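Remarks on the structure that follows.
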Amino acid sequence: MKTERSLDELYRDDPERADALAFGRRTGTSRRGFLEGAGLAAFGAAVGGSVPFAATMPGGLIPSALAQVQPATPAPTPAPAAPERKGPQLLNFPGKDARLVVLGERPLVAETPESLLNDDTTPTDKFFIRNNGQIPATTQTPEAWKFTIDGEVTNKLALTVGELKSKFKPATLRMVLECGANGRSFFSPPARGIQWTHGGVGAADWTGVRLADLLKAAGLKSSAVFTGNFGADPHLSGEPGRQALSRGVPIKKAMEPHNLIVWAMNGKPLELIHGFPVRLVIPGWPGSVSEKWLTRIWIRDKVHDGVGMGGTSYRVAIKPMVPGDKPDEKNFRDLESMPVRSIITSPANGAKFAGNTRELKLRGAAWAGDHAVRAVHVSIDFGASWRPATLAKPTNKYDWTRWSATVQLPSEGYYEIWSRATDARGVMQPHVAGNWNPQGYGGNPMHRVAVLVA
Ligand SMILES: Nc1nc2c(c(=O)[nH]1)N[C@H]1C(S)=C(S)[C@@H](COP(=O)(O)O)O[C@H]1N2
Ligand SMILES: [Mo]
């Protein structure tokens with residue numbers, strides 16, 4: 001086999017052609033689909049080790065070792081002749097870990113590499129950031145910050161944070177907050193928007209008052225249908241009165257006892273970037289319903305129609321659509337519960353181990369929106385065999401499930417570790433992001449990390 005470029009350059013520039021070279025796919029012939037012969041040698045050279053489970057390595061799948069560096073946005077066409085290797089842009093933000101990856105600068109968006117999510121509770125400095133507008137300036141003392149609950153209520157509430165803290169009973173819960181578009185980068189053809197991998201997620205200890213207690217105090221009328229959540233962040237354009245994001249949930253979801261209006265994250269006052277002085281945390285659903293810098297909850301008599309509702313925003317296809325097709329808006333429904341997902345948080349993708357290593361200890365997390373996690377399985381042979389991981393008990397509903405497993409390696413070489421979670425209903429993570437939709441919601445393929453034992 002003649003390679004004009006190294007296999008990893010080829011994978012970066014033209015994954016399909018690289019797969020064809022490595023896996024011996026030829027136009028018009030049925031491909032073998034497995035790594036053999038010259039392709040195996042070239043692949044081994046590119047990743048720096050032999051592939052013990054080459055016999056079960058499927059074609060058509062970019063090896064994880066070569067798929068690490070993804071451009072933030074789909075490459076422009078035509079591709080430049082000699083693209084320079086661009087690593088991820090790292091975050092430089094006060095109070096934040098400098099290894100977070102910037103996915104957008106205006107508005108500021110950053111995700112957490114999976115290996116930084118190895119703590120049972122995600123430290124605030126490692127927690128992902130998702131803004132849709134500007135970061136508001138808050139000069140007020142938090143206690144004086146006012147928010148209202150109005151609309152279809154019998155007793156409109158206007159509360160300061162001071163009153164919220166003194167008049168209602170607080171609760172602290174460890175709960176997952178996950179961006180609705182987590183996993184978007186795995187869609188093919190690429191979906192529009194911020195290209196999240198698996199890192200738009202974290203599980204923090206949230207302290208606040210139950211939203212249901214406040215809604216009861218406000219007295220919901222029988223006409224109450226939906227919440228409309230509003231925050232103080234100015235729109236990117238700076239136009240006064242224009243919302244950056246204003247989503248909501250049906251009253252039934254709003255009344256669940258885990259929803260909180262929080263002022264503390266991991267035992268400290270909320271950081272400004274996470275919604276200081278108060279935000280909603282409505283777990284299990286797209287993070288966008290957890291309004292930061294909360295100013296108002298407008299109880300609506302119909303489905304809320306704020307910024308980020310309707311169209312194809314935070315919505316998935318009801319009937320599967322042809323990937324890349326123009327959407328028919330009537331074929332969409334709101335994404336409610338987030339899908340089941342697992343991540344491997346140790347070892348990190350690209351980790352190298354001494355050649356005599358024959359046992360690896362794995363750690364990770366799994367969660368499934370409104371559902372519990374029933375099982376997590378891991379594979380080191382490209383999915384030919386799976387073994388169950390040990391699950392730790394979540395601290396409460398909407399906490400993630402931490403998992404661990406030990407795997408034995410037959411020899412040195414290149415391995416991919418795959419993790420796959422199953423929710424309480426028996427729904428499993430797929431190999432690839434399915435149910436394509438233009439803005440890429442619901443993409444939850446298995447997580448894969450590459451390790452080299454050499
Ligand atoms: N006011 C306001 N609230 C918001 C947003 C926003 O842009 N403005 N972004 C939402 C989205 S899309 C997500 S995923 C979460 C992210 O919360 P974090 O930045 O604290 O991680 O906040 C949500 N709340
Ligand atoms: Mo989000």
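Throughout, read-outs are computed from the coordinates displayed, never taken from laboratory work. The structure presented is a predicted model; accordingly, all values stated were derived computationally and were not measured. Every residue, glycine among them, receives a Cβ derived from its backbone with ideal geometry; neighbour counts consider all protein chains shown.
Does segment 96-145 classify as rounded, prolate or oblate by the C-alpha gyration tensor (a ≥ b ≥ c root eigenvalues; a/c under 1.5 gives rounded; else a/b over b/c gives prolate, otherwise oblate)?
Because a/c hits 1.5 or more and a/b fails to exceed b/c, segment 96-145 counts as oblate.
Karplus-based coupling profile of segment 115-127, in residue order and whole Hz: 5, 8, 9, 7, 6, 4, 10, 6, x, 4, 5, 9, 7, with θ = phi - 60° in 6.51 cos²θ - 1.76 cosθ + 1.60 and x standing for Gly or Pro.
Database remark: amide H of Thr295 closer than 5 angstrom to the amide H of Phe230, Gly231, Ala232 (H placed geometrically; neighbours at sequence offset of 5 or more, or on other chains; Pro and chain starts carry no H).
Packing around the peptides 385-392, 336-343, 244-251, taken as the average count of other Cβ atoms within 10 Å per residue, puts them in this order, highest first: 336-343, 244-251, 385-392.
Grab the Cα-Cα distance for Asp150 and Arg425, subtract it from 0.36 nm times how many residues apart they are, and report the gain in nm with one decimal.
Using 0.36 nm per residue and subtracting the Cα-Cα distance, I get 95.3 nm.
In sequence order, segment 369-386 has phi-based couplings of x, 6, 9, 7, 8, 8, 7, 10, 10, 10, 9, 10, 10, 6, x, 5, 9, 10 Hz under the Karplus curve 6.51 cos²θ - 1.76 cosθ + 1.60, θ = phi - 60°, and Gly or Pro positions carry x. Evaluated with a Cβ-only charge set (Lys, Arg +1; Asp, Glu -1), the chain carries a dipole of roughly 700 debye about its Cα centre, given to the nearest 20.
Amide H contacts for Leu100 (H built 1.01 Å from N in the peptide plane; partners 5 or more residues away or on another chain; cut-off under 5 Å): Leu91. Charging the Cβ of each Asp and Glu at -1 and of each Lys and Arg at +1, and nothing else, the dipole of segment 102-209 about its Cα centre rounds to 280 debye. The separation of segment 360-409 from segment 104-175, counted between C-alpha centres, amounts to 29 Å.
Placing a label point 7 Å from the Cα of Ala55 along the Cα-to-Cβ direction, the residues of segment 362-386 whose backbone N falls under 14 Å of that point are 381-382, 384-385. Sorting 200-208, 402-410 by their mean Cβ neighbour count within 10 Å, with the most densely packed peptide first, gives 200-208, 402-410.
Can you give the convex hull volume of the alpha carbon atoms of segment 126-334 per residue, in Å³?
Dividing the Cα hull volume of segment 126-334 by its residues yields 127 Å³.
Placing unit charges on the Cβ atoms of the charged side chains and taking the dipole of the chain about its Cα centre, the candidate lying farthest along the positive direction among Leu164, Val451, Ser115 is Leu164. Among Arg279, Arg374, a tally of other beta-carbon atoms within 10 Å of each Cβ gives an order, fewest to most, of Arg374, Arg279. Distances between placed amide hydrogens fall under 5 Å for Leu270 paired with Ala264, Met265, all partners being 5 or more residues away or on another chain. Over the C-alpha atoms of the chain, the Rg to Rh ratio, Rh being the Kirkwood estimate, stands at 1.00. When only the Cβ of Lys, Arg, Asp and Glu is charged (+1, +1, -1, -1), the dipole of segment 126-334 relative to its Cα centre reaches about 280 debye.
Taking a straight line from the alpha carbon of Lys216, these lysines sit under 27 Å away, with near neighbours fewer than eight places off in the same chain left out: Lys146, Lys156, Lys165, Lys167, Lys169, Lys252, Lys253, Lys292, Lys302, Lys397.
Projecting each Cα onto the charge dipole of the chain (Lys/Arg +1, Asp/Glu -1 at the beta carbon, about the Cα centre), which of Ala389, Ser313, Ala224 comes out farthest on the positive side? Going by the charge dipole, the pick is Ala224.
The length gained by stretching the chain between Ser237 and Gln408 to full extension, at 0.36 nm per residue less their Cα-Cα distance, is 56.1 nm.
Across the chain, Cα pairs under 8 Å and at least six residues apart give a relative contact order of 16 percent. Count charges around Gln439 for me, please; just the other residues with Cβ under 9 Å from its Cβ, Lys/Arg as +1, Asp/Glu as -1. With Lys, Arg at +1 and Asp, Glu at -1, the net is +3.
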